[in-house]
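A.B. asks: The structure is given below, and queries will be raised subsequently.
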Amino acid sequence: MAKNASSETKLFSLKGKIQNYAWGGKQYIPQLLGIDSHDEKCAEYWLGAHVNAPSTIKTPEGEQPLDSYLMSNLMDSLGNNIVDKFGRLPFLFKVLDVHDMLSIQVHPTKKEAEKGFKYENEQGIPLKAANRNYKDDNHKPEIMVALSEFWLLHGFLPKNQLIKRLQETPEFVGLLPIFEKDGYFGLYKKVMEQSQEDCNNTLASLVKRIMPFYLAGKLDKSSPDYWAAKAVETAEDTRNLDKGIYSIYFFNIVKANEGEAIFQDAGIPHAYLEGQNMELMANSDNVLRGGLTPKHVDVPELLKHVAFEETIPNIMQGTLQDDGLERVYTTVAPDFELSKIDISKSDIYQSKAKTAQIVIVIEGQAEIKEGDTSIALEKGQSAFLKSESKYSISSPSSAIIYKATAP
């Protein structure tokens, strides 16, 4: 609850929006927010100003959508931009609960997003059309920090590992000469351009071989067989096998433990498989899909944007700051910076927000103070800070807080 708010208030309570996607879980996000689940699948909790689901900000004049508030209040009384150098909130902050696998996807560069968005607009493709590739003109680099044991696909396996994988998977031995001759591009293009009939013929024997082991609980999550079998078990289309199954065998399977992070820049093919995380990304919804989904897959467009090279997963531990309270997960993205603040009863975290910030309490309780304004935050509650805010955070017990800002 805010106290002693003035006309120059820079600290506000913030309430996000739940996204009820089919792959989400039913318990984690409702429990985090302290609400009833109603047996709905709650996949994502959005904190930000994206036009598709803007958060609500509590101002002295009443509640307002964050996007419209920022458009109406870009400058403070001193002429300072209350957001940042971008003139808008450049990031989107999310809590994710991944129960079933997300689609394999890749994100475009800023330049390609602008070009693709302009082209589809000129073609008259409605913004919400099922076959629309570009929802906006922005890139979508993203970082995630695991809130639990978290599994994902991340980039192509190194060459020697991929060769071994093809050799050890009987159904894929025939793809080995293609990879040796035409590399990552040739291999991926071959399977993604397959007819559905050829895909079914190749993958049917694989599924028949691995499914008994999966159903008997004999497959480890580090094995592609586990995720391929789960993909079949949870698929909406039971007649046709998904080409995304190939990617499960071609990509790195990565396990991130709680507090560990991984960054995904433009061009890196990836898919979230299971677990909960904090995700911070550029303010975009541009996704080019490559399988494990009933949604639109535009293969020619996808092939333009995938980085056809080996990826060595970089599991980030973050850098503990001099205060011993904040751990920053640094990336090359100019749009955002994610950090974790871990405080106990005796700690006081202090900071100056150079750009707009959003904080969310994941565990415990916290009180945040900025000038004459203070807000008590319970687990699952959030706050928005304008740029140039000088604030402190304390806790009556302990708290784990995640913070989104721009570097």
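A.B. asks: Answer yes if at least one residue in segment 238-252 is more than 29 Å from the chain's Cα centre (by Cα), more than 21 Å from PRO313 (Cα to Cα) and open to solvent by 30 Å² or more (accessible area, probe 1.4 Å), and no otherwise. Talk me through it step by step, then tell me what you get.
C.D. replies: Of all residues in segment 238-252, those more than 29 Å from the chain's Cα centre (by Cα) come to 239.
Remaining after also requiring more than 21 Å from PRO313 (Cα to Cα): 239.
Remaining after also requiring open to solvent by 30 Å² or more (accessible area, probe 1.4 Å): 239.
Among the residues of segment 238-252, at least one is more than 29 Å from the chain's Cα centre (by Cα), more than 21 Å from PRO313 (Cα to Cα) and open to solvent by 30 Å² or more (accessible area, probe 1.4 Å), which makes the answer yes.
A.B. asks: Considering segment 305-325 alone, what residues qualify as being in contact (Cβ under 8 Å) with a residue 40 or more places away in the chain and charged (D, E, K, R)? Please lay out each step first, then the result.
C.D. replies: Here is the first cut: in segment 305-325, the ones in contact (Cβ under 8 Å) with a residue 40 or more places away in the chain are 305-318.
Correct list: GLU309, GLU310.
A.B. asks: Quick test for you: out of ILE348, ILE358, ILE400, ILE362, pick the one residue that is out of contact with any Lys or Arg (no Cβ under 8 Å at 6 or more places or on another chain) and either of a type in the set (Val, Ile, Thr) or over 22 Å from LYS17 (Cβ atoms) (or both).
C.D. replies: Result of the check over ILE348, ILE358, ILE400, ILE362: ILE348.
A.B. asks: Assuming ALA256 fulfils every condition listed in (1) open to solvent by less than 10 Å² (accessible area, probe 1.4 Å); (2) within 15 Å of the chain's Cα centre (by Cα); (3) more than 22 Å from VAL287 (Cβ to Cβ) apart from one, which condition is it?
C.D. replies: The failed condition is (3).
A.B. asks: Continuing with the same structure: Quick check on ALA404: is it at pLDDT 95 or above, surrounded by 22 or more Cβ atoms within 10 Å (Cβ to Cβ) and not hydroxyl-bearing (Ser, Thr, Tyr)?
C.D. replies: yes
A.B. asks: From (1) open to solvent by 10 Å² or more (accessible area, probe 1.4 Å); (2) in contact with a strand residue (DSSP E or B) (Cβ under 7 Å, 6 or more places away or on another chain); (3) over 25 Å from ILE268 (Cα atoms); (4) modelled with pLDDT of 90 or more, pick out the condition that doesn't hold for SER55.
C.D. replies: (1)
A.B. asks: Hey, another quick one. Within segment 151-158, is even one residue open to solvent by 30 Å² or more (accessible area, probe 1.4 Å) and part of a loop (DSSP other than H, G, I, E, B)?
C.D. replies: No: zero hits.
A.B. asks: Right, next: Can ILE104 be described as among the aliphatic types (A, V, I, L, M), open to solvent by less than 40 Å² (accessible area, probe 1.4 Å) and either within 30 Å of ASP242 (Cα to Cα) or at pLDDT below 90 (or both)?
C.D. replies: Values: among the aliphatic types (A, V, I, L, M): yes; open to solvent by less than 40 Å² (accessible area, probe 1.4 Å): yes; either within 30 Å of ASP242 (Cα to Cα) or at pLDDT below 90 (or both): yes.
Spelling it out, ILE104 is indeed among the aliphatic types (A, V, I, L, M), open to solvent by less than 40 Å² (accessible area, probe 1.4 Å) and either within 30 Å of ASP242 (Cα to Cα) or at pLDDT below 90 (or both).
A.B. asks: On the basis of being open to solvent by less than 10 Å² (accessible area, probe 1.4 Å) and free of Cβ contacts under 8 Å to residues at least 60 places away in the same chain, does TYR349 make the cut?
C.D. replies: Answer is yes for this residue.
A.B. asks: Which condition does ILE343 not pass, out of (1) modelled with pLDDT of 95 or more; (2) touching a Leu at 6+ places or on another chain (Cβ under 8 Å); (3) open to solvent by 20 Å² or more (accessible area, probe 1.4 Å), if it passes all the others?
C.D. replies: All conditions are met except number (3).
A.B. asks: From GLU326, GLU310, GLU370, GLU337, which residue is over 28 Å from PRO141 (Cα atoms), in contact with a strand residue (DSSP E or B) (Cβ under 8 Å, 6 or more places away or on another chain) and not hydrophobic (A, V, I, L, M, F, W, C)?
C.D. replies: GLU370
A.B. asks: Moving to a separate point now. Within the set of pairs 6 or more residues apart or between chains, which connect a residue that is free of Cβ contacts under 8 Å to residues at least 24 places away in the same chain inside segment 226-255 to a residue that is in a loop (DSSP other than H, G, I, E, B) and open to solvent by 10 Å² or more (accessible area, probe 1.4 Å) with Cβ atoms less than 7 Å apart?
C.D. replies: Note: pairs meeting the criteria are TYR226/LEU219; TYR226/ASP220; ALA229/LEU219; ALA235/ASP242.
A.B. asks: Can you tell me which residues in segment 352-367 are more than 21 Å from the chain's Cα centre (by Cα), surrounded by fewer than 23 Cβ atoms within 10 Å (Cβ to Cβ) and of a type outside the set (Gly, Ala, Ser)?
C.D. replies: LYS352, LYS354, GLN365, GLU367
A.B. asks: Got a number for residues in segment 375-388 being open to solvent by 10 Å² or more (accessible area, probe 1.4 Å) and either touching a Leu at 6+ places or on another chain (Cβ under 6 Å) or more than 21 Å from LEU96 (Cα to Cα) (or both)?
C.D. replies: 3
A.B. asks: Still on this structure, I have one more. Looking for whichever is within 30 Å of the chain's Cα centre (by Cα), in contact (Cβ under 8 Å) with a residue 24 or more places away in the chain and at positive phi here; the options are GLY217, GLY155. Which one fits?
C.D. replies: GLY155 is the lone residue from the list that is within 30 Å of the chain's Cα centre (by Cα), in contact (Cβ under 8 Å) with a residue 24 or more places away in the chain and at positive phi.
A.B. asks: I'd like to check something: does segment 159-177 contain any residue that is under 20 Å from GLU44 (Cα atoms) and either in a loop (DSSP other than H, G, I, E, B) or of a type in the set (Ser, Thr, Tyr) (or both)? Walk me through it before giving the result.
C.D. replies: Let us first name the residues in segment 159-177 that are under 20 Å from GLU44 (Cα atoms), namely none.
No.
A.B. asks: I would also like to ask the following. For segment 276-309, which positions are among the small types (Gly, Ala, Ser) and open to solvent by less than 20 Å² (accessible area, probe 1.4 Å)?
C.D. replies: Matches in segment 276-309: ALA282, SER284, GLY290, GLY291.
A.B. asks: In segment 310-340, which residues are within 30 Å of GLU193 (Cβ to Cβ), open to solvent by 20 Å² or more (accessible area, probe 1.4 Å) and more than 17 Å from the chain's Cα centre (by Cα)?
C.D. replies: Within segment 310-340, GLU310, ILE312 meet the criteria.
A.B. asks: Answer yes if at least one residue in segment 137-145 is touching a helix residue (DSSP H, G or I) at 6+ places or on another chain (Cβ under 6 Å), open to solvent by 10 Å² or more (accessible area, probe 1.4 Å) and closer than 30 Å to GLU114 by Cα, and no otherwise.
C.D. replies: Of the residues in segment 137-145, the ones touching a helix residue (DSSP H, G or I) at 6+ places or on another chain (Cβ under 6 Å) are 137-139.
Narrowing further to those that are open to solvent by 10 Å² or more (accessible area, probe 1.4 Å): 137, 139.
With the extra rule that they be closer than 30 Å to GLU114 by Cα, the set shrinks to 137, 139.
Checked against the condition, which is being touching a helix residue (DSSP H, G or I) at 6+ places or on another chain (Cβ under 6 Å), open to solvent by 10 Å² or more (accessible area, probe 1.4 Å) and closer than 30 Å to GLU114 by Cα, segment 137-145 yields at least one hit.
A.B. asks: So in segment 58-88, with the set limited to residues that are assigned to a loop (DSSP other than H, G, I, E, B) and modelled with pLDDT of 85 or more, which one is most open to solvent (accessible area, probe 1.4 Å)?
C.D. replies: The qualifying residue most open to solvent (accessible area, probe 1.4 Å) is GLU61.
A.B. asks: A further question follows. Taking the condition open to solvent by 30 Å² or more (accessible area, probe 1.4 Å), closer than 26 Å to LYS159 by Cβ and among the aromatic types (Phe, Trp, Tyr), does PHE185 pass? Working first, answer last.
C.D. replies: Numbers: open to solvent by 30 Å² or more (accessible area, probe 1.4 Å): yes; closer than 26 Å to LYS159 by Cβ: yes; among the aromatic types (Phe, Trp, Tyr): yes.
Yes; evaluated as a whole, the condition is true for this residue.
The values are calculated or read from the model by the stated rules, or taken from the named source; none is laboratory data. A quick note: this is a predicted structure, and the numbers were derived from the prediction, not measured. Here the Cβ is made from the backbone with ideal geometry for all residues, glycine too, and neighbour counts use every protein chain on show. Calculation scope for accessible area: heavy atoms of the full protein, side chains included, ligands and nucleic acids excluded. Shrake-Rupley method; radii C 1.70, N 1.55, O 1.52, S 1.80 Å.
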